[in-house]
Amino acid sequence: MNEIQIEQSPYVIIDKNQNLKRYGQYSGGILTKLMGSTNSLIFSEKLILSEDPPNLVLNGLHVWFENGKIHSNERESVINNFDDIDYCIQIKPDLVKEFDSARFSAHYPHIVRFLTTSCLYLDGEYKIDHLEFVSGEILNRPVGIGHDNGIILGDRLVIDEGRLIFYDCILIGREENQQIKQTYEHFLTIPLEFLSSLILLGNENF
């Protein structure tokens, strides 16, 4: 019996599991998830993926963990080893439009904003848990990374009795057939155990 081939979304630029690479230049909302335990993410608006020489060039916000501390900075990167990349996707324009239309005003008085990118929770060799200190608050720009390497990009987050409630969020993850899927949800409630890390993107990057 011939194996059924499932067509990957055209918004997937690199997918390590599918050995997929779509060479070219891209613009818009782009998210790159790197391999390894550092939970490294790169948010960028432009990207060049070339076959000869084999490299990925992108300029954007890098967020990663090192020795239990979170770091973030804006820089250009050239990645030559594609095995370092779990996946790289262009966020669908209609999802970006819906996300932007649902955002709270930056002047909304009851939202907690951090000046620098901060880690609220980390589950691994190093443990971080600051959730108790922000329980019940409305938190701005949350990003959750799942143990399955799925990502939640939210506009707001409320922590209520151990539940994580994301509002107006883009979900990125793999389906059972390992295809990468991205969807939009007005709100999402998940248990903390789902996440390997939870961060808030700081105002220094926006």
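The values are calculated or read from the model by the stated rules, or taken from the named source; none is laboratory data. Quick caveat: nothing in here was measured; it's all calculated off a predicted structure. When we count neighbours, we look across all protein chains shown, and the Cβ atoms used for this are built from the backbone with ideal geometry, even at glycine. Side chains included, ligands, DNA and RNA excluded: accessible areas come from the protein's heavy atoms. Shrake-Rupley method; radii C 1.70, N 1.55, O 1.52, S 1.80 Å.
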| message | I'd like to know if segment 139-146 contains one or more residues that are modelled with pLDDT under 95, surrounded by fewer than 20 Cβ atoms within 10 Å (Cβ to Cβ), within 21 Å of ALA102 (Cβ to Cβ) and not acidic (Asp, Glu). | response | no
| Exclusive hit being within 26 Å of ASN140 (Cα to Cα), among the basic types (Lys, Arg), at pLDDT 90 or above and over 14 Å from the mean Cα position of the chain (by Cα), set LYS33, LYS97, LYS46, LYS21 | LYS46
| request: Would you mind stating whether GLY124 is under 16 Å from the mean Cα position of the chain (by Cα) and either on the phi > 0 side of the Ramachandran plot or small (Gly, Ala, Ser) (or both)? | output: no
| message | I need every pair where a residue in segment 165-192 that is within 16 Å of ASP148 (Cα to Cα) and part of a helix (DSSP H, G or I) has its Cβ under 9 Å from the Cβ of a residue that is of a type in the set (A, V, I, L, M, F, W, C) and open to solvent by less than 40 Å² (accessible area, probe 1.4 Å), sequence separation at least 6 or different chains. | response | LEU192/LEU131; LEU192/ILE159; LEU192/LEU164; LEU192/LEU198
| query | For SER40, all conditions in the list (1) in contact with a Lys or Arg (Cβ under 8 Å, 6 or more places away or on another chain); (2) within 27 Å of LEU195 (Cβ to Cβ); (3) surrounded by fewer than 19 Cβ atoms within 10 Å (Cβ to Cβ); (4) of a type in the set (Gly, Ala, Ser) hold save one; what is the number of the exception? | reply | (3)
